[in-house]
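Any read-out appearing in this document is the output of simple, stated calculations on the displayed coordinates, not a laboratory observation. Please read all numbers here as calculations on a predicted model, not as lab measurements. FYI the Cβ positions are ideal-geometry reconstructions off the backbone, even for glycines, and counts take in every protein chain you see.
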Amino acid sequence: MDPFADNLVISGLNPSATPSLIMGQPDGMTVDFNVGDSMVVEFTDNMLIPSSTTAPDLLIYFPMMSPEQAAMVEISSDNENWIPLGMIPVDFAVSPYPAFSSSSYRALIDIDFANLDPEINYKFVRISDMSILPTSVTQVSPAYSVMPGVMIDAVEANPMHPVNTEEIPEFPTVALPVAAIIGIAFFFQHRKE
């Protein structure tokens with residue numbers, strides 16, 4: 001089990017992007033967004049839950065951004081109801097990640113402030129480009145532009161929390177053996193008298 005995103009769920013990226021580059025560990029190979037692009041990734045063997053500490057729960061790796069570039073980060077348990085966490089790089093602590101170059105960074109996102117239910121598996125992360133279009137750039141459509149947006153290398157859940165896949169036993173599965181034990185105990189108690 002690794003802490004990095006496992007599946008690409010939705011890619012609303014420009015046709016020339018390679019969305020699979022966001023999967024796995026940061027490697028310096030980025031997914032290039034255009035202004036307005038978005039994508040959803042899923043953690044299948046781990047999840048995001050509030051840690052009740054100041055440690056980051058979600059890390060997003062990216063190269064240096066220009067002042068016009070930004071990305072909205074949201075999480076979900078069901079890929080339908082989204083909880084906005086904020087914008088990279090302005091709303092989160094950012095630290096250098098010099099594994100590939102001196103211009104590699106990671107956003108350190110603490111999800112505790114969002115008042116999330118700690119019993120819910122938050123396993124989807126949506127990243128949406130929110131870069132500002134310079135007035136000199138002509139938009140092709142509301143979703144795409146000729147302006148390049150953010151570049152994302154990897155998405156990591158930290159600390160790693162395994163997904164809870166245990167099923168709660170059905171009532172008869174528990175009740176019948178307990179009733180049988182009580183019945184046997186009552187029978188032997190009654191026999192002694």
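Along Cα→Cβ, 7 Å out, is where each label goes; now give me the distance between the ones at Met87 and Met64 in nm to one decimal.
2.1 nm
Counting other beta carbons within 10 Å of each Cβ, put Thr30, Thr18, Thr54 in order, fewest first. Write down the numbers at each step before the final one.
Values: Thr30 21, Thr18 12, Thr54 9.
Ascending number of Cβ neighbours within 10 Å: Thr54, Thr18, Thr30.
Taking other Cβ within 10 Å of each residue's Cβ, how do Ser104, Ser128 sort, fewest first? Each step should come with its number before you reach the end.
Numbers: Ser104 18, Ser128 21.
So the residues, fewest neighbours to most, are Ser104, Ser128.
If each residue's Cβ is checked for other Cβ atoms within 10 Å, how do Asp110, Asp129 rank with the fewest at the top?
Working: Asp110 17, Asp129 26.
So the ranking, lowest neighbour count to highest, is Asp110, Asp129.
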